[in-house]
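Colleague: To start, I am sharing the structure in question, which I have written as structure tokens.
Since every read-out is calculated from the coordinates, none of them should be taken as a lab result. Treat the numbers as computed from the prediction; the structure is a model and nothing was measured. In this analysis, Cβ positions are derived from the backbone assuming ideal geometry, glycine residues included, and neighbour counts consider all displayed protein chains.
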């Protein structure tokens, strides 16, 4: 009787354990293991910190072409989206999640994760993007913005390395 | 397609049979030919390399002795200290590789990273990785594969790219073809060549269905300054004229836990490497979540090199 009960309980628990394993996600890598983001292109031209101008400026939510500043920022990403899908209107030195939580620029991947959940999961698993270091130990993760510029994220085409020498070209 | 491949197998088996007959004779010839490819060796070195045991039969002390002798030889030849590792396979590890065809842009960054890491001859040119270009819809139409594409920019619309290197078969045809046992599969699955045993008969090259083995027709042309001095006996140590070489999954790196040079160089992150026996490894993730295939798997070679692509573009944006 007791054995049967145990067997029955185990039998009932089995699918649950499978469901648990299937739903298990890869953990977020330790921020120390994430590659540093590149410096802002115009950091040396007084663009950082952003708050030096923005702390006293009214926030403009209107979707428009910027003319007075940041003329080079033209969104080629998520049609219909706007700066404040990612940037924080109340503290321009940070980014913001849909939940309202602020995120530092060093963790912009958390912003991307909101809309690209599937890719983000694959990134954590080591499939999307790239990791360098040890296959059996410490790795450094490239973060999204190491490969995708957030305002125009399509991976840019590059010049290929030279083709191999054709046998006919060998003297 | 199928018929053709079956014929190929038959042909190969025929050849192998003929080879086994030749084996004895060639093995005899091999021992006398062996040291000739290093004419600059001193008499003592000559003598020692003449009687060098098969690498797999050596004790660690014997391996160290051989490696020491070779390091001295290399130093004389290249005027540069070259360190030769003998790290054995790690227990519980079977290396596997995944390549994401929906990401690869055909830039050949991996090709040159490999050449530098693994001391391939620059002139004459030897490249362990070959990148093939196919038109969309022409996947694995080998007659139409283009190796010499040279556009200003990649990727080119309407094409995709497939890098091919040693597929590290679980059932390799090449090792069986070798009359001197100079090439074999290691316990971690890497197919290696002992350049001091290879007699340059190139049977293995004929047996390999992937064109992944390369022959040193001449003295390898590489400037001492360009030599990567961190090497492995079974990997990227400098080669000799008249020996066969191939990708070893960067044995000098991966046996120390590091990723291969091509994985780290790929700008789009299309290359994945890890332990097939570890369910958490990224190669296993690819195998379980992607559409994967292996090159010419119907030949029974069972490559440990997996190509994969996404199930459907739509899925990528979900969530």
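Colleague: Taking R0 as 22 Å, what FRET efficiency do you get between residue A:90 and residue A:115 from their Cβ-Cβ distance, rounded to the nearest 0.05? Each step should come with its number before you reach the end.
Modeller: Numbers: r = 21 Å, r/R0 = 0.97.
E(calc), rounded to 0.05, equals 0.55.
Colleague: Shape verdict for region B:61-135, please, from the Cα gyration tensor: rounded (a/c under 1.5), prolate (a/b greater than b/c) or oblate.
Modeller: Numbers: a/c = 4.08, a/b = 1.58, b/c = 2.58.
Oblate shape, in that a/c is at least 1.5 and b/c is the bigger or equal ratio.
Colleague: Please arrange B:144, A:139 by how many other C-beta atoms lie within 10 Å of their C-beta, fewest to most. Can you show the working numbers first?
Modeller: On the way: B:144 11, A:139 17.
Going from least to most buried by this count: B:144, A:139.
Colleague: Moving on. According to the square roots a ≥ b ≥ c of the eigenvalues of the Cα gyration tensor, what is the shape class of region B:81-319, taking rounded for a/c under 1.5, prolate for a/b larger than b/c otherwise, and oblate for the remainder?
Modeller: Values: a/c = 1.56, a/b = 1.37, b/c = 1.14.
Here region B:81-319 falls in the prolate category.
Colleague: Cα gyration tensor of region B:53-182, axes a ≥ b ≥ c as square roots of the eigenvalues: rounded (a/c below 1.5), prolate (a/b > b/c) or oblate? Before the final figure, lay out each step's value.
Modeller: Working: a/c = 2.61, a/b = 1.81, b/c = 1.44.
Here region B:53-182 falls in the prolate category.
Colleague: Relative to the present Cα-Cα distance, how much length would full extension add between residue A:106 and residue A:75 at 0.36 nm per residue of separation?
Modeller: Values: separation 31, 0.36 × 31 = 11.16 nm, distance 2.06 nm.
Stretched fully, the residue A:106-residue A:75 segment lengthens by 9.1 nm.
Colleague: Count the DSSP beta bridges whose two residues both fall in region B:81-319, then state the antiparallel fraction as a percent rounded to the nearest 5.
Modeller: Values: 20 of 27 bridges.
The antiparallel proportion sits near 75 percent.
Colleague: Can you sort B:203, B:148 so the residue with the fewest Cβ neighbours within 10 Å comes first? Intermediate values should be presented prior to the final figure.
Modeller: Numbers: B:203 22, B:148 11.
Sorted ascending by nearby Cβ count, the order is B:148, B:203.
Colleague: Here is a further query. For A:127, A:28, B:276, which order do you get if you count the other beta carbons within 10 Å of each Cβ and list the fewest first?
Modeller: On the way: A:127 24, A:28 13, B:276 20.
Listing A:127, A:28, B:276 from fewest to most nearby Cβ atoms yields A:28, B:276, A:127.
Colleague: With label points built 7 Å along Cα→Cβ from the Cα atoms of residue A:39 and residue B:294, find their separation and express it in nm.
Modeller: Result: 4.9 nm between the two label points.
Colleague: Oh, and also: Measure off 7 Å from each Cα along the Cα-to-Cβ vector at residue B:148 and residue B:122, then give the distance between these two points in nanometres to one decimal.
Modeller: Inter-label distance under the simple model: 2.3 nm.
Colleague: With a point put 7 Å past each Cα toward its Cβ, work out how far residue B:80 is from residue B:60 in nm, to one decimal.
Modeller: Each label point is offset 7 Å from its Cα along the Cβ direction, giving 3.0 nm.
Colleague: Suppose R0 equals 45 Å. What FRET efficiency, 1/(1 + (r/R0)^6) with r the Cβ-Cβ distance, do residue B:68 and residue B:206 give to the nearest 0.05? Write down the numbers at each step before the final one.
Modeller: Numbers: r = 35 Å, r/R0 = 0.78.
Given R0 = 45 Å and the Cβ-Cβ separation, E is 0.80.
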